[in-house]
Every structure is written in C-alpha cells, then in structure tokens.
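Read the structure below first, then the notes.
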Amino acid sequence: MRRARAGCGAAMAAWLVSAAFAACAVDTEPAPRAFGDRPGVDQLTALGRAMFNDASLSAGGRLSCASCHDPAAAFGPNARTPSPFADADPTHAGTRAIPSLRYAQFAGRFTEHTVDDEETHGVDGGPTGGFTWDGRADTAGEQARIPLFDAREMGNADAAALARRIAAAPYAAQFRQAFSAPGHDVFADPDRVVAWAALAFEVFEQAPEFAPFDSRYDRFLAGRETLSPAERHGLALYRDAARGNCETCHPSRRASSGRAPLFTDAGFIAVAAPRRAQLPPLAASAAGYPLAAQARGSEADLGLCRSGRAGLTDDPSFCGRFRTPTLRNVALRASFFHNGSVHSLRDAVAFYATRDTDPARWYSRNADGSVHVYDDLPEAMAPFVNHEVPFEPLPDGRPRLDDQDIDDIVAFLETLTDADAVASEEAGRSARPPLAGAGVSRSTP
C-alpha cells in the first residue's frame, strides 16, 4: 500500500535554461540546442504564453490550452468548462477530469520506488511523480505533446501539421528568430518545431503565475492571517491521523527546509472513485484493456498499471491507482477524482468518510439490486483499493467524520484558493463561453 511521500523534490527555483534544453530531447528527435544567447528564458516564456492562448493551434481552430486551463481559474477548468470534456462530437468525449496546471511544475519525474528521509523515514514510499493522472509523462514538455496530437483534444495529425499552424501564427517571426540555427529556418524541420514548442510550454508553466503561494492559508502560515473556528477545526481534523488523515497524502506543513506545502505527495493511490453515471457498465474481463488514457465506454481506466511505463503492466497492484492531485485551489473545481464522477467539494470529502460505511450512496446497483461496490474497477483489482483512515470505519461501524466535520474540512480547504482566483470569483469573471460544439475536445489525461 502506498505510504506518505512528498513528491515535491523538484527544485523550487525556476529552471535553468541549460537544464530545460536537456529535458527537451524526446524519443528519437534531435535534441534542441542553444544558439549563442538564444533562446532566453524571456523568449521561451513569451512564446509559451502566446501558444498557450492560441486556439489556431488546434485542428478545429477554436480550442487553445487556455480553453480548459483558464488562467482566471488557477489554470484549471472554469465554471462553464465540462470536465471531463464533452462537446457536440461523441468521439471527442474525454475520460478524465481536467487538472489545474498550477503548481504542477513541482511534480518531479516518475519513480517506481521512492525513499525520502523526511517523509517516509527511509521506507520505500512506492511510485511517485510524473505528469498526468497516471504519471506517464516526466516533464511538462512531454505532457504538452499529449493534447496537441490527441485526436480527441487539439487534434494535430502530426508534427508537420502543428508546425504549419505555428508558422501561420502572429508570433511566427519571433519563433523563427528564437529557434533557428545560424543559416537555417527552424520551420524546415517540423520535429524541431515541436521540440522547441514543447520546451516553450514547459518554461512558460514555470512562470510566477503558476506558483503564487498566496492563498489565505499561505498568509496564515506566515502569521499574516487568522482562520475562523470552523477553519481551524477543519485543519485539525485534516491532520488527525485517526479522523480525516488527509495529511498522509496531502501534506499541509512546511518542510524542514521552509518549503511551502504543495498539498500533494505526488504518490499513487486507488481510492475506487465511483463510475461516471453517463458510462455503461464495465466489460466482463480486464483482458486487452488499452492504455489507461484510451479507455472508452465499457472499458476500465486502470491508471498507473496501463500508463505505458515499462514494468508496471504485469503488476495488478498498480491498477486503479492515480496520482494524488494538489488540493491547492480545490474549491474552484466542479468535478473530482480522475474520472470527474463527483461534482462538489463537500461530496468529495464525504466520499472518503462514507465510501465503506454507506456504499449505496456512491455506487451503482447490480441487476439483482445489490450494490456494485467499486463499480469503476474490475473485480480482480478490488483487493488493491486503499482502506486506510478515513475510509476505515470506527470500531462501532460509524464513519470517522460526521456532517459537521465534513463541513469544517471543506471550510479549511476553501482557504487554499490563490488570491487571484478569489478575486476572479468575486468579480464574477468566469466569462469564457461554454465549449460545447468547439469541434475538438480537450481533457488532459
């Protein structure tokens, strides 16, 4: 069973450009290199920002990264964004909830075995890190390639198609100037265009707006804010290993180095989220299931064990495990868990408290009327579902948290919203129109 682990070993400082160049080499593509003082961090950031907001980079011409990762909503879906994504074309329907990109830069590369003296005290903490719900990308640059080329998302057919769109963009001259080798035009090599674009996304996603650390809770930690009685009680329950036990996977304390808490250990856990109501029942057999991100219809999304990482597929204990998301800005979300099956923060907290004491509240029914417990997982994977507190009932069978406890934990979690997102909510600036009918879907796996 996965134990606590702070998966935030990535440096808090911004990437050095030289390190970012090295990270850009993917598969068999030539590794980009710097040309004198080009490109600088400022160039990479500016181009990454321009592409992030450019809907013309999608095959349908109407969907940008920002369409689903709204800067006004902490780089996650806004109130009008379906999550998982759904538009007028059923072949575009997403399978996973759209995550926030804020604080994602600290995820670190995936490792199957984690040992951290501070968090796990030398004990193997298990799989940790990586990007996406199943950790299949090691860098933000690798992750950015996924939606760019997924037919359900931005829909570029190949590198040449994306390169043509970038070459036609208003910032094409800046892209050419930043990334062309002496005597060459970068647009002559589509693979190199994609590699540089991925790096620009990666550097942009390390800009200050992706990690402001300015929530009410951050101010509380700094001694510049007080919490209400309900918020303080919620924090106490959150940290109580016999009650909420949220701290195990979502650390809330500063590290010994003084590092601000990320509210995720970036580990992988099987919480057995309920199956989304819109989906048909699971197929009878787990045999032949595709990579996790390709699950459709009656197929199961098995997470880590079908992430495509070598050595994980044959171990059923990895099935059903998804990466623990940060709880920063969690109050902004309209869908929860990897599959977006729960639609309020209070229900998400209540699920942890009552999943095993009141399963009928969460799961569908079998043909005979019995509750289909863990109905989004094949039966063979049920033994690997986590049963630690707060899932574990009290000795008398009652849940660890009552209704007031749940309300107070929610009150505490609402203190984790960044200041700019609070201001956006208060000003009513969820102004993007619904994405239905956009023509290309975007549900970052």
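Between a first residue in the stretch 386-410 that is farther than 23 Å from Ile269 by Cβ and a second residue that is small (Gly, Ala, Ser) and crowded, with 20+ Cβ neighbours inside 10 Å, which pairs have beta carbons less than 7 Å apart while being 6 or more apart in sequence or on different chains?
Pairs that qualify, where the first residue is farther than 23 Å from Ile269 by Cβ and the partner is small (Gly, Ala, Ser) and crowded, with 20+ Cβ neighbours inside 10 Å, are Asp408/Gly234.
Among Ala277, Ala284, Ala242, which is the only one that is surrounded by fewer than 22 Cβ atoms within 10 Å (Cβ to Cβ), modelled with pLDDT of 95 or more and over 18 Å from the mean Cα position of the chain (by Cα)?
Answer to the selection: Ala242.
Can you tell me which residue among Glu153, Glu225 is in a loop (DSSP other than H, G, I, E, B), open to solvent by less than 30 Å² (accessible area, probe 1.4 Å) and in contact with a Lys or Arg (Cβ under 6 Å, 6 or more places away or on another chain)?
Selected residue: Glu153, the only one of Glu153, Glu225 that is in a loop (DSSP other than H, G, I, E, B), open to solvent by less than 30 Å² (accessible area, probe 1.4 Å) and in contact with a Lys or Arg (Cβ under 6 Å, 6 or more places away or on another chain).
Restricting to the stretch 298-345, count the residues that are outside any loop (DSSP other than H, G, I, E, B) and surrounded by fewer than 21 Cβ atoms within 10 Å (Cβ to Cβ).
Final tally of qualifying residues: 4.
Conditions first: (1) under 30 Å from Asp218 (Cα atoms); (2) open to solvent by 40 Å² or more (accessible area, probe 1.4 Å); (3) in contact (Cβ under 8 Å) with a residue 60 or more places away in the chain. Leu413 passes all but one, so which condition is the exception?
So Leu413 meets the others, but not (2).
Taking the stated definitions as given, is Arg219 open to solvent by 30 Å² or more (accessible area, probe 1.4 Å), among the charged types (D, E, K, R) and part of a loop (DSSP other than H, G, I, E, B)?
Against the criterion (open to solvent by 30 Å² or more (accessible area, probe 1.4 Å), among the charged types (D, E, K, R) and part of a loop (DSSP other than H, G, I, E, B)), Arg219 does not qualify.
Identify, please: which residue in the stretch 160-188 is closer than 18 Å to Asp54 by Cα and open to solvent by 40 Å² or more (accessible area, probe 1.4 Å) and is, among those, nearest to the chain's Cα centre (by Cα)?
Looking at residues that are closer than 18 Å to Asp54 by Cα and open to solvent by 40 Å² or more (accessible area, probe 1.4 Å), I get Arg165.
Which condition from (1) under 30 Å from Thr95 (Cβ atoms); (2) without any contact (Cβ under 8 Å) to a residue 60 or more places away in the chain; (3) outside any loop (DSSP other than H, G, I, E, B) is the one that Arg176 breaks?
Failing condition for Arg176: (1).
Need the failing condition index for Ala55 against (1) open to solvent by less than 40 Å² (accessible area, probe 1.4 Å); (2) among the aliphatic types (A, V, I, L, M); (3) at pLDDT below 95, just the number.
All conditions are met except number (3).
Would you say Thr81 is part of a helix (DSSP H, G or I) and either in contact with a helix residue (DSSP H, G or I) (Cβ under 6 Å, 6 or more places away or on another chain) or open to solvent by 10 Å² or more (accessible area, probe 1.4 Å) (or both)?
no
Residues being modelled with pLDDT of 80 or more and hydroxyl-bearing (Ser, Thr, Tyr): count how many of those fall in the stretch 402-445.
Here the count works out to 3.
The values are calculated or read from the model by the stated rules, or taken from the named source; none is laboratory data. Just so it is clear, the structure is predicted and the values come from calculations on it, not from any experiment. Virtual Cβ from ideal backbone geometry, glycine too; neighbours counted across all protein chains shown. Side chains are part of the model used for accessible areas, which takes the heavy atoms of the whole protein and leaves out ligands, DNA and RNA. Shrake-Rupley method; radii C 1.70, N 1.55, O 1.52, S 1.80 Å.
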